[in-house]
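Below: the structure, in structure tokens.
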């Protein structure tokens with residue numbers, strides 16, 4: 001099936017060779033691989049789904065994300081349910097829509113000139129059903145970030161705490177991404193971003209023990225979704241979903257983000273809280289969180305100054321998104337308690353923030 005899709009997506013006569021499998025997809029739903037493309041001068045032909053890409057030139061290597069769900073999936077945490085399966089399929093459709101409609105906006109070279117830049121892989125084409133169905137399979141052709149210098153990965157960073165420059169680079173990426181999409185109408189991807197939001201996690205909610213958080217889950221969800229200022233959130237902005245380009249002058253590294261399955265509308269706070277939780281653990285999260293939040297809003301303000309949107313009150317936005325921080329913690333805590341109650345991301349600081357959210361309801 002993949003070979004047939006590649007022949008349809010690549011120009012007629014183009015030669016391609018699989019170099020390596022980079023990783024398998026979650027629960028065995030496919031793989032991400034690197035392919036060599038032999039003819040650099042052959043223009044990319046339009047396919048039935050992506051008529052807008054017919055003028056692009058193919059690079060020497062491409063990343064191919066192939067989605068082909070197994071007959072029987074095995075979930076690491078045991079969540080092998082119909083709801084889980086449909087959510088995964090829907091997320092792949094969602095990612096395809098992001099690359100089709102929004103990746104080029106994020107990669108706008110004019111934004112790079114103003115330093116309001118949030119690099120994502122360039123999209124070269126793909127096939128994906130518009131809806132999840134029984135015989136689902138899909139294929140995305142994307143830029144090879146290694147080939148353009150983004151060779152660093154999270155597993156190259158000392159654990160458990162990412163270094164300061166890396167965290168600041170991630171904060172800058174998020175601030176730029178959120179600023180750019182605050183001024184765009186978002187209609188092609190999920191109305192609510194993140195992989196843990198309540199509407200997509202009924203099984204995990206049911207698995208929670210009786211508690212104030214369980215009973216308040218819907219109100220917390222509604223509080224986040226009612227934010228006046230909505231942008232495009234990555235939805236899974238953990239450190240592992242960023243690739244790094246380290247500068248030769250030892251300045252802040254540049255970042256590119258991958259894995260946009262759970263992108264959608266939301267307050268940028270949700271990405272920020274989740275990102276910092278992936279970089280800092282326990283005492284370090286409590287110690288450094290406030291400073292990094294300040295850095296995020298400073299970067300967001302700078303990005304918005306560069307973009308000069310006409311309909312955004314930056315002070316009001318910051319006030320609203322800061323107020324939502326405890327609710328973002330509580331929302332993710334609700335998911336973890338049901339999904340994996342002993343997860344390492346559950347800590348005293350997140351519990352304190354959750355209590356704060358509950359007290360405000």
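The values are calculated or read from the model by the stated rules, or taken from the named source; none is laboratory data. Bear in mind that the values here come from a model prediction, so they are computed numbers and not experimental data. Don't worry about glycine lacking a Cβ; one is built from the backbone with ideal geometry, like all the others, and counts go over all protein chains shown.
Listed values, structure above:
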| quantity | calculated |
| --- | --- |
| Residue check for residue 301: more than 27 Å from residue 207 (Cα to Cα), in contact with a helix residue (DSSP H, G or I) (Cβ under 6 Å, 6 or more places away or on another chain) and surrounded by fewer than 20 Cβ atoms within 10 Å (Cβ to Cβ) | yes |
| Of residues in the stretch 142-153 being more than 16 Å from residue 20 (Cβ to Cβ) and modelled with pLDDT under 95, the one surrounded by the most Cβ atoms within 10 Å (Cβ to Cβ) | 150 |
| Checking residue 262 against (1) in a helix (DSSP H, G or I); (2) at pLDDT 95 or above; (3) under 20 Å from the mean Cα position of the chain (by Cα), the condition it does not meet | (1) |
| Residues that are out of contact with any helix residue (DSSP H, G or I) (no Cβ under 7 Å at 6 or more places or on another chain) and either crowded, with 24+ Cβ neighbours inside 10 Å or closer than 15 Å to residue 294 by Cα (or both), drawn from the stretch 166-187 | 169, 173 |
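Residues checked against (1) more than 22 Å from the chain's Cα centre (by Cα); (2) over 30 Å from residue 90 (Cβ atoms); (3) in a helix (DSSP H, G or I):
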| residue | (1), (2), (3) |
| --- | --- |
| 273 | no, no, yes |
| 278 | no, no, yes |
| 284 | yes, yes, yes |
| 287 | yes, yes, yes |
| 290 | yes, yes, yes |
| 295 | no, yes, yes |
| 298 | no, yes, yes |
| 309 | yes, yes, no |
| 316 | yes, yes, yes |
